[in-house]
1. Among the residues of segment 167-190, count how many are under 30 Å from the mean Cα position of the chain (by Cα) and of a type in the set (Val, Ile, Thr).
2. Output the number of residues of segment 458-469 satisfying the condition of being of a type outside the set (Gly, Ala, Ser) and surrounded by fewer than 14 Cβ atoms within 10 Å (Cβ to Cβ).
3. Looking only at segment 335-363, count every residue that is out of contact with any strand residue (DSSP E or B) (no Cβ under 9 Å at 6 or more places or on another chain), among the aliphatic types (A, V, I, L, M) and assigned to a helix (DSSP H, G or I) and tell me the total.
4. Quick one: Ala263 ticks every box in (1) over 27 Å from Ala217 (Cα atoms); (2) in a helix (DSSP H, G or I) except a single one, so which number is it?
5. Being outside any helix (DSSP H, G or I), out of contact with any strand residue (DSSP E or B) (no Cβ under 8 Å at 6 or more places or on another chain), farther than 20 Å from Val487 by Cβ and open to solvent by 20 Å² or more (accessible area, probe 1.4 Å) narrows it down to one residue among Glu327, Glu296; which is it?
6. Restricting attention to segment 312-323, does a residue exist that is open to solvent by 60 Å² or more (accessible area, probe 1.4 Å), more than 25 Å from Gln249 (Cα to Cα), in a helix (DSSP H, G or I) and not charged (D, E, K, R)?
7. Out of contact with any Leu (no Cβ under 9 Å at 6 or more places or on another chain) and outside any helix (DSSP H, G or I): which single residue out of Glu549, Glu539 fits that description?
Amino acid sequence: AAAKAIMMSKVATLCYLLAAAYATKFVSSFTIPTLQSKTTATTSGNNQGQNYNLALDLLHPLRHSLYQPNVSARSNTFLQSQTTQADVTNTGTTTTPDIIGTVALLVPSSDQPSKFGSKSPVQPPSYREAAEQLARKIKQFSDGRIAAQVVTPSDVDTSSVLTSNALIALGLTTPQDVQFLSRTFRQRRTAGEEEASSTQSLKMCQFAVDCGDNNYAPIVGPYDEANPSVVSEIAPWSDVASGKRLATQMKELFDKQTSDEFALALMLFFNRFIDKIPWVQHSIDVTWEKGLGNVEEIYNMVTKCGPCITKCLADENCKACIEALDEIDTRDQVASYRTVVSYESELLRDFSLCILQKNNIFGCTAEVPKIPYVKPLGAFRGEEMTKDIAKGIMIGHLEGCGDAALEGCKELDVSWKVACGANVAYDQFPSQNQLFYPSAKGDSMWYDPVFRVETIDGRNVWCKRHYRVRNEKVPGTFRFSVLDNGVTSDEFWTIVDVAEDLSWIVFHYAGAAGAVGQRYIGGLLCTPDGTLPPESEMEKIWDVLRSAEIEPWELFVVDNDDTSPGALEAGPPPLDFYRKTASVIG
């Protein structure tokens, strides 16, 4: 929770630095050639120039393939996504996004518990319940451009399992369901083989998740595990090799059994083989898919941020972070975020500030998601919501805020503690403290999340952030901004509901870090001490979360035990680190 926008800390990308370190040796000798002129490079040695031109020759077809237009796939068996309030324009008209692809989620004929929600405060959902929420999540991540349908083998109309771009089977284990699954996969595979020479063959994907010991040989674009092509081994720049790498990545994401990572896996497929998906369109990694773009990015890094690179690679901690990030896809927000917070330092911040924020080496963009639209709380304690009341609600129980605090403030050292949250990248972190307090100048506020991180090398450390908070037009909504590890994050927060005695509050947030092309959404249930509210309140709270399109099983319970071994190792949290100077800096 506290981590929120920090995802962007994706400074991660700096895995490039490893290559850049070597690039500095010849940058002064070469002029990076363009596709129009592969012979403009000059070198002090003929062999060096010949090797470089050879590399360009190998990369040229890869670069060429990157710019082939993708044809949108459509299916009449799917209804377009429902229009949300976010789709309503200022002119009063509504717009429905074009559907670029379809997903069929195949679940058991007779409902049974799934493996989703293992860390939530409620019982796991059935496969149908999970799939219905996954369909909503797919809509959210795709901005309404991918339509998803839940199907069972016993449905009267099962045509979508054959016509959809992606078919994901979940938890099918009975003999009848398995027979249907095997037949369906076989029919889709046959259809794909018949269209192997057309672009349509690139637009198919199928996986079986938690369907017994048989993985049913997944298909991702042109890659078919049941009929592997030697091209995937000898031509890593090819579409089939790309599909093979993506198949491995998607399986790992599916197996984590979280809604965020499930939706991410499908976005990666659609982005690669059907049409660009803003949620995952940009990458700060070195990839075969980028082709010659890798060379251009490294060159720009070295020429524009050479001193930062040198300092980072000379520092053991900074270099270790880059090496760790080199092992992951930085679009995987869970893995990349944990890596960055495990190694964050001033050198890493300066490095990312230069490469990502100031120079935007990777050409990334990202906008705050508008789906789902979440309606803010309209009244509190019988009064219409105002900006002053909303500010008091945010301040919650923090001591020393004077008249800005509301009646019922407990005068604690925090405003709220996160009891559970719905973003897999942030809300698994323990000991999440929130401090909201007025700025000394103007009507804005400060937000200081202070949370504990269990680093990838086993240490327990405190992380802290300092956000500027400004009122949005509608009372109860706010705009958050922060420069986090060198990257600016922009977030839209909504007070969804709050107990009149301030015993609990539900937030929804949507954010983006443009410099790394990242977007994210989530929700929080917070209380004064970080424990869950009494059972008598929970059904109402679950309904509040559902109004924000969050299911209770998507939540991660936060460990706020101050006496746990990890908390004791980390020591007291630095709650007043920023607040003690806020009266001076505004």
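1. 1
2. So in segment 458-469, the residues of a type outside the set (Gly, Ala, Ser) come out as 459-469.
From what's left, surrounded by fewer than 14 Cβ atoms within 10 Å (Cβ to Cβ): 459.
Selection size over segment 458-469: 1.
3. The number of residues fulfilling the criteria is 5.
4. Among (1) over 27 Å from Ala217 (Cα atoms); (2) in a helix (DSSP H, G or I), Ala263 violates only (1).
5. Numbers: Glu296 fails: outside any helix (DSSP H, G or I).
The conditions single out Glu327.
6. yes
7. Details: Glu539 fails: outside any helix (DSSP H, G or I).
One residue alone meets the criteria, Glu549.
Yes/no per residue for (1) open to solvent by 20 Å² or more (accessible area, probe 1.4 Å); (2) not hydrophobic (A, V, I, L, M, F, W, C):
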residue	(1), (2)
Cys211	no, no
Pro218	no, yes
Pro222	yes, yes
Gly243	no, yes
Glu261	no, yes
Ala265	no, no
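The values are calculated or read from the model by the stated rules, or taken from the named source; none is laboratory data. Owing to the predicted nature of the structure, the values given are computational and were not obtained by experimental measurement. Here the Cβ is made from the backbone with ideal geometry for all residues, glycine too, and neighbour counts use every protein chain on show. In case anyone asks, the SASA skips ligands and DNA or RNA and just uses the protein heavy atoms, side chains included. Shrake-Rupley method; radii C 1.70, N 1.55, O 1.52, S 1.80 Å.
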